[in-house]
Amino acid sequence: MSDTPKIRLRGLTKAFGSKVVLDGVDLDIRARHSMVILGGSGSGKSVTLKCILGLITPDAGTIEIDGQDVARMSRREREALNDRIGMLFQNGALFDSLPVWENVCFKLLAQRRISRRAARDKAAEVLAQVGLAASVGDLSPAELSGGMQKRVGLARAIAAEPDIIFFDEPTTGLDPIMGAVIDGLIVDCVEKLGATAVSITHDMASARRIGDDAAMIHKGRIVWRGGAANLGETGNAMVDQFARGEREGPIQMELRK
Amino acid sequence: MDRTLDLTAALGRVVIGFLRSVGAIAIFAAEAISHLVRPPFHGRLFLKAFIEIAWFSLPVVALTAVFTGMVLALQSYTGFSRFNAEGAVANVVVLSITRELGPVLAGLMVAGRIGAAFAAEIGTMRVTDQIDALSTLSTNPMKYLVTPRILAGTLALPLLVVVADILGVMGGWLIGTQQLGFASGAYLKSTFDFLHAADVISGLIKAAVFGFVITLMGCWAGYQSGGGAQGVGRATTSAVVASSILILALDYILTAILFAR
Ligand SMILES: Nc1ncnc2c1ncn2[C@@H]1O[C@H](COP(=O)(O)OP(=O)(O)OP(=O)(O)O)[C@@H](O)[C@H]1O
Ligand SMILES: [Mg+2]
């Protein structure tokens, strides 16, 4: 069973109105490995993650997690599955009615794995991992800078030590050093906790650091997949253009001249 | 010919759209209610919503009730004095307040405050992915956001109406004794002599229904909203408009049912 992918997407299709966003996405994500998904802005990366999480229902195609078709799961099974998944949303999606520490430990509290008293200490511990002082725990999310919000979102995603973690642009909006720290944290999640990580990123240095595998999505399909280590010299014209950030190449931005 | 067809088609679309919304709201309500009996329960959130509705609506509901009682006393005195029935003023005040105006006015005030607040709050959570985040954090968003609010609304409104009833009668008594020359004891005696328990209870039942509808429509509008800040604005407006209209329509229906002969 060791070669069953952790997550297996087949023919995933989703349109919003007449706009086709996903047009048959096929992707295997290996267990206990880190997958990086690349792709232009608006190419459907976030939608793919939301489909896997069950937040968006695809129009067609199958999603299997641990070999189980999620569409056939009962509500209880789905909830049990989500208990093991962590997600960092692109915009943070912090609960602004709750202080930071409660945000961070929200899942642990919801699952009653921790008392409210212990949650404050736990929050301080996880906040330290993302480079934030314990005092940040008492602030409200509205009082944080964008990069701090992102890191709190990250802390919230990993606090319950999930089995599968999705990171939607984990380092966007962070300074380079903090970005490297967060990359290290993601690598630790995979190597030390044995989690399966799926990250969306536009930052190639970061993609190389955190990824074992990489896949590129373009026009609703996976156009390439391979190792993340040599992004930029993959031999695939599209991926190399994207990784090097070149204007000329097979990917044409739809700009009006 | 073509034009009549167009018209029929347009009308059909409106009717179908309306029925579809009614169905969707009914399913939404049923799901929210089903969480009342399925643990875990979010008592803390219920309490927060209850205080928000009952305590913070108190000033506006109280003011509305006092002034309404005062106006009722003045107006009915003018009317009844034309056929020498001034003695009925106290009765008219207490019956109007307990049966109709208490629940309806409190309902409309709360619809403006709470319906809008809930729609804006939940709508903002929707457009910033916070509702999606809840389901990735082992929390059912309906159970967490909607059920406690609807329960709080259904229980808080009757409480507010009890206060409105008392203050409304007080307003009438104030005008009756200070301006219209009634003796205090006589005014109060005729207030309570003709008051039946059914008058008060029917008003409280109405209040519970209104509280349910206000919070349901607020949560529904917020939950469905999309399209950024503008979408949240639309959700807020539609929550207040829909619940205000529903309060007036349901008031008629409930009156017809509760006092059917
Ligand atoms: N709820 C929605 N309703 C309608 N259209 C949507 C919705 N969510 C996403 N889309 C559309 O789907 C497309 C893909 O969106 P998605 O958020 O997945 O992009 P992305 O690849 O994550 O881009 P970025 O790198 O900019 O975050 C976009 O064109 C967007 O307009
Ligand atoms: Mg995105």
task: Determine the pairs where a residue that is open to solvent by 10 Å² or more (accessible area, probe 1.4 Å), located within the stretch B:88-110, has a partner that is acidic (D, E) with Cβ atoms under 8 Å apart, the partner being 6 or more residues away or on another chain.
output: B:L95/B:D199; B:R99/B:D199; B:E100/B:D251; B:V104/B:D251
Unmet criterion (only one of (1) in a helix (DSSP H, G or I); (2) within 16 Å of ligand 2 (Cβ to nearest atom); (3) out of contact with any strand residue (DSSP E or B) (no Cβ under 7 Å at 6 or more places or on another chain)) for A:L154: (3)
- request: Look at A:A205 and say whether it is assigned to a helix (DSSP H, G or I) and open to solvent by 10 Å² or more (accessible area, probe 1.4 Å).
  value: yes
- request: Could you tell me which numbered condition B:L188 fails, if it satisfies all but one of (1) over 30 Å from A:S97 (Cβ atoms); (2) at pLDDT 95 or above; (3) hydrophobic (A, V, I, L, M, F, W, C)?
  value: (2)
- line: Here the residues within the stretch A:154-174 that are in contact with a Gly (Cβ under 7 Å, 6 or more places away or on another chain) and away from every other protein chain (no Cβ under 14 Å) are A:T171, A:G173, A:L174
Qualifying residues in the stretch A:77-112 (those that are among the β-branched types (V, I, T) and assigned to a helix (DSSP H, G or I)) - the one nearest to the other protein chains (Cβ to nearest Cβ): A:V104
query: Has the stretch A:167-183 got at least one residue that is within 18 Å of A:K6 (Cα to Cα) and within 16 Å of ligand 2 (Cβ to nearest atom)?
result: yes
task: Could you tell me whether any residue of the stretch B:155-176 is within 13 Å of chain A (Cβ to nearest Cβ) and either out of contact with any His (no Cβ under 8 Å at 6 or more places or on another chain) or not basic (K, R) (or both)?
output: no
query: in contact with a Pro (Cβ under 6 Å, 6 or more places away or on another chain), more than 16 Å from ligand 2 (Cβ to nearest atom), modelled with pLDDT under 95 and open to solvent by 40 Å² or more (accessible area, probe 1.4 Å), is that true of A:D66?
result: no
message: I'm checking my understanding of the structure. Among residues of the stretch A:40-55 that are near ligand 2 (Cβ under 9 Å from one of its atoms) and away from chain B (no Cβ under 14 Å), which one is most open to solvent (accessible area, probe 1.4 Å)?
response: A:S41
query: Looking at the stretch A:56-64, is at least one residue at the interface with chain B (Cβ under 10 Å from one of its Cβ atoms), hydrophobic (A, V, I, L, M, F, W, C) and under 21 Å from the mean Cα position of the chain (by Cα)?
result: yes
message: I'd like to check something: does the stretch A:129-148 contain any residue that is assigned to a loop (DSSP other than H, G, I, E, B), away from ligand 1 (no atom under 16 Å from the Cβ), outside the structural domain of A:K45 (by TED's automatic domain parsing) and under 19 Å from the mean Cα position of the chain (by Cα)?
response: yes
- prompt: Could you list, in sequence order, the residues of the stretch A:5-51 that are outside any loop (DSSP other than H, G, I, E, B), within 24 Å of A:M204 (Cα to Cα) and within 12 Å of ligand 1 (Cβ to nearest atom)?
  reply: A:V21, A:L22, A:V25, A:I37, A:L38, A:G39, A:K45, A:S46, A:V47, A:T48, A:L49, A:K50
- request: Inspect all residues belonging to the stretch B:10-19 and state whether any of them is surrounded by 12 or more Cβ atoms within 10 Å (Cβ to Cβ) and at pLDDT below 95.
  value: no
- prompt: What pairs come up if the first residue lies in the stretch B:118-142 and is at the interface with chain A (Cβ under 8 Å from one of its Cβ atoms) and of a type outside the set (S, T, N, Q), the second is open to solvent by 10 Å² or more (accessible area, probe 1.4 Å) and outside any helix (DSSP H, G or I), and their beta carbons are under 7 Å apart, counting only those six or more places apart or on different chains?
  reply: B:D129/A:N91; B:D132/A:L55
message: When you check B:M109 against the structure, is it at pLDDT 95 or above and within 12 Å of chain A (Cβ to nearest Cβ), yes or no?
response: no
query: Of everything in the stretch A:166-175 that's surrounded by fewer than 24 Cβ atoms within 10 Å (Cβ to Cβ) and at pLDDT 90 or above, which residue is nearest to the chain's Cα centre (by Cα)?
result: A:E169
query: Which of the residues spanning the stretch B:228-237 are open to solvent by less than 60 Å² (accessible area, probe 1.4 Å) and more than 16 Å from B:V146 (Cα to Cα)?
result: B:G228, B:G231, B:V232, B:G233
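The values are calculated or read from the model by the stated rules, or taken from the named source; none is laboratory data. Because the structure is a prediction, the values reported are computed rather than measured. We place every Cβ from the backbone using ideal geometry, glycine too, and count neighbours over all the protein chains shown. Note: accessible area is taken over every heavy atom of the protein model, side chains too, but ligands, DNA and RNA are not part of it. Shrake-Rupley method; radii C 1.70, N 1.55, O 1.52, S 1.80 Å.
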